Amino acid sequence: MVKCHSRGLCAGAISVDLIAMSEPAIETTGTILERKGEILYRVELLNGKVMLGHLSKPLTDAKAVFSKGDSVLLEMTPFDFDQGRIVSRVS
């Protein structure tokens, strides 16, 4: 609850309970099909689905560049299977 001073709730205060995301990221591998921008790539997953992948912050800071045909490790949320975060290159 949101409290004002020591008198209790403020007029119009809204009680908000923050819920932490309990769903872990889904990890999968894919193959780079094309580079769409500085940090954006089109990636094909093992099941044939094509999605957008963006570089993770550490890869962006390292100015990583991937070429067509490179295998990469991706993280996706269980809520959106159309995009993912590229976290590393797979050997």
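Tabulated data for the structure shown
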quantity: Where the Cα pairs of the stretch 21-89 fall when distances are cut into 10 Å bins, in %; calculated: 23, 58, 18, 1
quantity: Stretch gain in nm, segment L33-K68, where the contour uses 0.36 nm per residue and the Cα spacing is subtracted; calculated: 12.1 nm
quantity: L46/E23 FRET efficiency (R0 22 Å; Cβ-Cβ; nearest 0.05); calculated: 0.55
quantity: Peptide ranges 60-73, 28-41 listed from the most packed, as the mean C-beta count within 10 angstrom indicates; calculated: 28-41, 60-73
quantity: Set of the stretch 42-58 residues, backbone N closer than 13 Å to the point 7 Å along the Cα-Cβ line of R85; calculated: 54-58
quantity: The stretch 36-91: antiparallel DSSP beta bridges as a percent of all, rounded to 5; calculated: 70 percent
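Where a number appears in this text, it was derived from the coordinates with a stated rule and is not lab data. This is a predicted model, so every value here is computed, not measured. No Cβ is skipped: glycine too gets one built from the backbone with ideal geometry, and neighbour counts run over all protein chains shown.
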